[in-house]
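Sharing a structure below in structure tokens format, with a few things to ask.
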Amino acid sequence: MSEEKISVTKSSMPAISEYVEEIKPLWESRWLTNRGEKHRAFEGELKKYLDVPEISLFTNGHSALECVLEAMELEGEVITTPFTFASTVNAIVRKGLTPVFADVKEDDYTIDPCSIENLITPRTCAIVPVHVYGNVCEVERIDEIAKRHGLKVIYDAAHAFGIRLNGSSVLNWGDASMLSFHATKVFNTIEGGAIVCRDSALVESMEHWKNFGIESPESVIHVGGNAKMNEFCAAMGLCNLRHVDEEIAKRKVVAERYFELLGAIRGLKVSVPPSNVVSNYAYLPVMFTEGFGATRDQVFDALADEGIFARKYFYPLISDFNCYREKFSSEDTPIARRLASEVLTLPMYADLAFEDVERICEVVKRCGSY
Ligand SMILES: *Cc1c(COP(=O)(O)O)cnc(C)c1O
């Protein structure tokens, strides 16, 4: 094949000159981490951009999730979804909590509120839903269930940067939301993450937790770890934030081309955002169901033969991971289990050319029997 390879994603980066300008002051101040000038500036800008009351920055999204679970001092069972990235469940287990898997909804792959209700026991302390691929969870119903049972809700919003539901930030639902600014996400700080919440006491507590539990030079109040965002990552965040609207607008154009080309194919399902949601077009998940005429794996291989790299994201299901399969059964969540075998996320990034989208869709269509 003469054509160029297409990867599943490409990290957004500012012009190198813009980044160099941003980090220059660090050579004067020699203040490289621990709430420096860039960290404080980025925190302020991000709060404004995301339209959220409180934010705490971290080295990465995973540490942020571990930290908030720790700072909330949770104990017992946490209801979550197996149709997610390893991080969600690993964080729960690593904090000494027991994950309990609810099934997901057929239509948008987010956690099914009915399934949550059935799994609540006296040991349940929290729900960790995931806005998977940026698809917004049933936030109102989850809120109602949590309030009725006195449970905390912590959203894994790693895919939900900037998403708005009925005109306001989706990050304001629940007791807290975790964001990831990993290189592969819609908005990146190279590595990075955050917790968004309304509770300023929780934010203050997390400031200690992520810095060894240090309250003041002679007082350590928690057995905390180290998960602080450094100045270079905050500087990257400041630069990327200036361009993120433009990046998302470009992603939208790419996504709409995909929807046009793949929207009416038998047995193939794309996720078009509903009209009350402002999406960030983070991923392009496609489900290959029975009627399509080829399996997900066959499509994956056909694309790979053409130098096009899609991802089986999320496959395998978390409960089928080697480290979990002795304790859990994916048969308990049949919808999630089936979706994991049907899903393929197609290449998606701001600068993906129309010709490449067309080439990808041609290969996909060729696999089907329509
Ligand atoms: C990326 C991701 C995380 C982890 O974020 P990092 O910043 O890479 O630590 C957690 N959950 C989901 C669903 C993710 O996609």
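From G162, G150, G134, grab the single residue that is within 14 Å of the ligand (Cβ to nearest atom), at positive phi and small (G, A, S).
So the residue among G162, G150, G134 that is within 14 Å of the ligand (Cβ to nearest atom), at positive phi and small (G, A, S) is G134.
Give me a count of the residues in the range 110-125 that are surrounded by fewer than 23 Cβ atoms within 10 Å (Cβ to Cβ) and either among the hydrophobic types (A, V, I, L, M, F, W, C) or within 16 Å of the ligand (Cβ to nearest atom) (or both).
Adding up the residues that qualify gives 5.
Also, quick follow-up: For the range 193-204, does any single residue satisfy the condition of being crowded, with 17+ Cβ neighbours inside 10 Å, in a loop (DSSP other than H, G, I, E, B) and either touching a Phe, Trp or Tyr at 6+ places or on another chain (Cβ under 6 Å) or of a type in the set (G, A, S) (or both)?
For the range 193-204, residues crowded, with 17+ Cβ neighbours inside 10 Å, in a loop (DSSP other than H, G, I, E, B) and either touching a Phe, Trp or Tyr at 6+ places or on another chain (Cβ under 6 Å) or of a type in the set (G, A, S) (or both): absent.
Which of the residues spanning the range 19-65 are polar (S, T, N, Q) and in contact (Cβ under 8 Å) with a residue 24 or more places away in the chain?
Answer for the range 19-65, where residues must be polar (S, T, N, Q) and in contact (Cβ under 8 Å) with a residue 24 or more places away in the chain: T33, N34, S56, T59, N60, S63.
Hey, can you tell me all the residues within the range 129-150 that are in contact with a strand residue (DSSP E or B) (Cβ under 6 Å, 6 or more places away or on another chain) and in contact (Cβ under 8 Å) with a residue 60 or more places away in the chain?
Correct list: Y133, V136.
For residues that are more than 13 Å from S63 (Cα to Cα) and in a helix (DSSP H, G or I), tally how many sit in the range 205-227.
Total satisfying the criteria: 2.
Matching residues to (1) within 21 Å of the chain's Cα centre (by Cα); (2) in contact (Cβ under 8 Å) with a residue 40 or more places away in the chain; (3) within 26 Å of K10 (Cβ to Cβ):
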{"position": "E326", "(1), (2), (3)": "no, no, no"}
{"position": "S329", "(1), (2), (3)": "no, no, no"}
{"position": "A353", "(1), (2), (3)": "no, no, yes"}
{"position": "D356", "(1), (2), (3)": "no, yes, yes"}
{"position": "I360", "(1), (2), (3)": "no, yes, yes"}
{"position": "S369", "(1), (2), (3)": "no, yes, no"}
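So that you can scan it fast, the table gives a plain yes or no per residue for (1) within 30 Å of L165 (Cβ to Cβ); (2) in contact with a His (Cβ under 8 Å, 6 or more places away or on another chain); (3) modelled with pLDDT of 95 or more; (4) among the acidic types (D, E):
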| position | (1), (2), (3), (4) |
| --- | --- |
| P285 | yes, no, yes, no |
| L303 | no, no, yes, no |
| I308 | no, no, yes, no |
| K312 | yes, no, yes, no |
| D320 | no, no, yes, yes |
| L346 | yes, no, yes, no |
| Y349 | yes, no, yes, no |
| D356 | no, no, yes, yes |
| V363 | no, no, yes, no |
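What number goes with the only condition from (1) touching a residue at least 60 places away in the same chain (Cβ under 8 Å); (2) out of contact with any helix residue (DSSP H, G or I) (no Cβ under 8 Å at 6 or more places or on another chain); (3) not in a helix (DSSP H, G or I) that A255 does not pass?
Condition (3) is where A255 drops out.
Determine, yes or no, whether L261 is farther than 25 Å from C137 by Cα, more than 16 Å from the ligand (Cβ to nearest atom) and touching a residue at least 60 places away in the same chain (Cβ under 8 Å).
So L261 fits the description; yes.
Out of the range 235-277, which residues are among the hydrophobic types (A, V, I, L, M, F, W, C), in contact with a Leu (Cβ under 8 Å, 6 or more places away or on another chain) and farther than 23 Å from S17 by Cβ?
Answer for the range 235-277, where residues must be among the hydrophobic types (A, V, I, L, M, F, W, C), in contact with a Leu (Cβ under 8 Å, 6 or more places away or on another chain) and farther than 23 Å from S17 by Cβ: V254, A255, L262, L268, V270, V277.
Looking at L69, is it buried (at least 19 other Cβ atoms within 10 Å of the Cβ), touching a Lys or Arg at 6+ places or on another chain (Cβ under 6 Å) and either over 25 Å from M348 (Cβ atoms) or not hydrophobic (A, V, I, L, M, F, W, C) (or both)?
yes
The values are calculated or read from the model by the stated rules, or taken from the named source; none is laboratory data. Treat the numbers as computed from the prediction; the structure is a model and nothing was measured. Counting neighbours? That spans all protein chains shown, and the Cβs are built from the backbone with ideal geometry, glycine included.
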